1. Rounded to the nearest 5, what is the percent of antiparallel bridges among the DSSP beta bridges in the stretch 570-788?
2. Tell me, what is the percent relative contact order of the stretch 224-381, built from C-alpha pairs under 8 Å that lie six or more residues apart?
3. I'd like the distance between the alpha-carbon centres of the stretch 537-597 and the stretch 371-423, rounded to an integer number of Å.
4. Normalised by the number of residues in the stretch 156-239, what is the relative contact order in percent for Cα pairs under 8 Å and 6+ residues apart?
5. Going by average Cβ neighbours within 10 Å, how do the peptides 205-211, 183-189, 413-419 rank, with the highest at the top?
6. If you average the C-alpha positions of the stretch 819-848 and of the stretch 639-661 separately, how far apart do those two centres end up, in angstrom?
7. I'd like the distance between the alpha-carbon centres of the stretch 251-286 and the stretch 104-179, rounded to an integer number of Å.
8. For the stretch 298-376, what number results from the quotient of the Cα radius of gyration and 2.2 N^0.38 Å?
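What follows is calculated from the coordinates using simple rules that are stated; it is not laboratory data. Since we're looking at a predicted model, the values are computed, not measured. FYI the Cβ positions are ideal-geometry reconstructions off the backbone, even for glycines, and counts take in every protein chain you see.
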């Protein structure tokens, strides 16, 4: 085995790095799988990792501008919502921040498990909102920061915010000498796919902090994780923050984008609804896109819409593609393991290498069938995937394999088949000693089956012995226990184990044969090592092309999954415009639960109708309606069709959703505290490119304070220019804001009627209508319909009527006082005019005085009228 490569900036050696794949289908890719066996958790004592601190701070309500997310931590089965979709990934993140006033932050994520890197440089706010969002999306296992930003030095502002927002994060210091732009560029040069180098250099140009953070992350992976990456095999992607829509964790939770709120393992969420993918790569890409929807229209969304439309129109091609996709396993995981070079030779490493070759062979064999299925494609995206699956790279890799590996050897799953395939992987005649070892293996295996036949044919035993195999015991025997109810098990059988109705055992001869077979197998595998490593080295030269094929397959799988949903659920292609317009739209999650009963609705929003107040009775469907708008926006910005008769969407850069929540005992925060914290986060970051959904704001405090706060927040949201849907029970909000420019009052239609038994019947039509809700006391009517005792209902109605009468009396008193003041002003005017009749003023003085008297009277009358108008509104 060739020695592993080490990357040393001091020696000028250029390490292998991922390539920034900037193709149209790589806008928000992700990957997946288990930790590679080559990753060693032990860390040497070095200046890179002198100590590791896992910071954990309790949150205070005012400690940060970010809303509390602790309620999310117990809502998932795995506890994670990473873009890479699994808590088994080893993700290293290095963060470099600017020293000046401008909060520029460079981020570099290296996923050791999937062998990819994501670089980003963010111009952030003083609260580092986008930086924290990025960290929450990728959920790194370890966060690296320059050692001068951590104790005993004064903490940086960024570190304090990371501690508050990610209390479970492991933060480690790294010596400043490793944060070098020059070394980062060297790593990119040596690790990135060759074909992507120029594109990455252009993308990374001028992004000093992203390059420095990449240098630190790669060096940490080498020294602390003990991982060597093959040259030109790391997938590097530069990801500008402006190319995706920011969706914070609270929005992901509230909209049920990844998991159902009530049953985490349920598929009743947007990811579960759309995930008809047939490959793990496609599922990961779908998850990544849902969490981070694209805002690139021409390069991402339009090509996906066109490809999806073609798949829905060409049924034969669609089914052939789906059939071909079933042949692919987790190729991303496979290729990642391929490029990580083991640092020491061992029996297990060689077995693993043989398995890799056979799996790569299975992958390459499956590609032509997929290419054939795409032969009639006409849209740009499908034709690009078709070209990626060309015979060029696949034939080269296949030739490398077939030159050395037996044609009939393929990847298997059964333990005995796996061992046989490893033994006979290399062709005969390549290595003479290997052929001898395999002959010994073959003879010993035949002896095992002869020995079993002898046992079964022996007259003194009269047995029907079955031979089995597993990796621990090798060959062993199984007999039915019923055969020995009236006799003892013969002494020839040893190592007996009783499992249910079976007796598992061996014989001394079988143990000896197992030892002979194991020795010959080990010898065959070790003699194959050098040959297999040469095959792997040759394949590694084509890993960039194989990764591109893998990414194309993942994207095709995701688009085909969209096509499956679109055809079975009657989805339509959305238009991209400056206006949000929906006709007969359905909430996709609710429609899945109640496909026959769900009532479609319309929605429309533009500059003149950007703030929409949704009122209505309890259970009338307000939350379902406003969540529908947000879910369909996400679907449109990942390239999917949407459940509507007609749909048009603008492109939003941010999505904020604030739905009603319960108390968070763990964070020592009430419902109202959580509301205010999340709304503070939204108000600090909202702009005209945001879509905002607010549900029942202010319900956690007194009615007067709740209305006042809801009104103040509504004013700020209107001024932001954002598109807002605001569901509320505060009818005063509709009256006060109804005349404001850009505000539209809507309600969910409900009918309340009385029956002969004096029990009201409430009929929910679940249909959106213009204007604010007209029903009065609908809460009491709903309580009565639910069977509350009559005495409670009567008391509630009396109290409600008393409060209403009190308000009317106050209004009447106010009107009376206003009339009295007006009459006084008129009487005073009459008195002053009578006095002027008797005065001896000259004409000029008289005219001046009359004008002054007129102005004073007008001011008095205006003040009483305006005061009456304000109180009437109140």
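1. 45 percent
2. Once normalised by length, the contact order is 27 percent.
3. 25 Å
4. 39 percent
5. 183-189, 205-211, 413-419
6. Here the answer is 65 Å between Cα centres.
7. Their Cα centres are 27 Å away from one another.
8. Normalised Cα radius of gyration, the stretch 298-376: 1.53.
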